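Here's the structure we're looking at; comments come further down.
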Amino acid sequence: MRYPILAGLLLTLLFLVACSLGSKVDEQPGPDGAAVEVGPVESDLPPVCRTITEIPVGDCAALVAFYDSTDGPNWKISSRWLETDEPCDWVGLRCEKGHVTAILINDNNLRGSLPPEMGDLSELKSLTLYFNELNGRLPKELGKLGHLETLILHNNDLTGSIPAELGNLWNLKILDLDSNELEGSIPPALGNLANLETLKLNDNNLSGSIPPELGHLTELEGLFLAGNQLSGSVPAELAELPRLWMLDLRYNQLDGPLPPGLEQTVRSGYDLLKWQRQ
């Protein structure tokens, strides 16, 4: 009876050795002799990305994930997507110096959610996908896009809270999330967006108070928070914004007096300074 048992143990040992060797396919020795990961092997890449040289394969894989996650086959227009190995010619894309720098696909029947792989488009400067049917949460990985200057996603069906990680987008100038179904509070981290010129969060389900940290946005010209469930008082810090001239706080549950000087901060004659419950 010992021989079948020994044979079984031997087979188990051989299986474990094979698994151990297989787990190291994507590793190579580093300078100190330790194994380091070198990324996916070619067989792990989407087929269209295996022959692409125009952009990094990481950019390509992120684009394929975006296409798949937003029901690409049913877009109104999807010219050349996944059909050629020259992605800079795919409709709605712009490239500079071998990287994807803009995705501009508006009113094109995009459905589904934005995948976390969007955060791998390291040189992206503009992402505009308004007037589509995107749903689900905004991926926190968007906060990795350090070169992003424009993020416009208005008139979709996005849900959940605004990721605090968006406060890492140091170069962002326009953040427009109007007319979605976002909820929760406005992240104080948005006060870190030192270059932000326009913040549009109208017509969502945001609640809580207006963060005083928004008073750090010294380049801000337009602040649009109408049509939410914001409460509490208007932060005095908003009156200190040197460039602010458009302000819309209508249709919320704000109370208390306006901070001294705020009416003078907003350009006279611009009829958006209406903060009372309406």
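Candidates are the residues of region 244-273 that are surrounded by 13 or more Cβ atoms within 10 Å (Cβ to Cβ), of a type in the set (D, E, K, R) and not in a strand (DSSP E or B); the one that is modelled with the lowest pLDDT is R267.
Total residues in region 199-252 satisfying the condition of being among the small types (G, A, S) and under 14 Å from D178 (Cα atoms): the figure is 3.
Cβ-Cβ distances below 8 Å connect the following pairs, each with a first residue in region 80-97 that is hydroxyl-bearing (S, T, Y), a second residue that is surrounded by 15 or more Cβ atoms within 10 Å (Cβ to Cβ) and part of a loop (DSSP other than H, G, I, E, B), and a separation of six or more residues or different chains: T84/W90.
Of the strands (runs of 3 or more DSSP E) lying entirely inside region 86-169, those containing at least 3 residues that are modelled with pLDDT of 95 or more and not charged (D, E, K, R) span 99-104, 126-128, 133-137, 150-152. S207 meets all of the listed conditions (1) polar (S, T, N, Q); (2) in contact with a Lys or Arg (Cβ under 6 Å, 6 or more places away or on another chain); (3) under 17 Å from P163 (Cα atoms) but one, namely (2). Comparison of D178, D203 shows that the only residue that is touching a strand residue (DSSP E or B) at 6+ places or on another chain (Cβ under 7 Å), modelled with pLDDT of 95 or more and either part of a strand (DSSP E or B) or more than 20 Å from E237 (Cβ to Cβ) (or both) is D178. Would region 43-56 turn up any residue that is among the charged types (D, E, K, R), buried (at least 16 other Cβ atoms within 10 Å of the Cβ), modelled with pLDDT of 95 or more and closer than 24 Å to P139 by Cα? Scanning region 43-56 turns up no residue that is among the charged types (D, E, K, R), buried (at least 16 other Cβ atoms within 10 Å of the Cβ), modelled with pLDDT of 95 or more and closer than 24 Å to P139 by Cα.
The values are calculated or read from the model by the stated rules, or taken from the named source; none is laboratory data. Predicted model only: the values in this text are computed from it and were never measured. Neighbour counts are summed over all protein chains in view; Cβ atoms, including those assigned to glycine, are modelled from backbone coordinates with ideal geometry.
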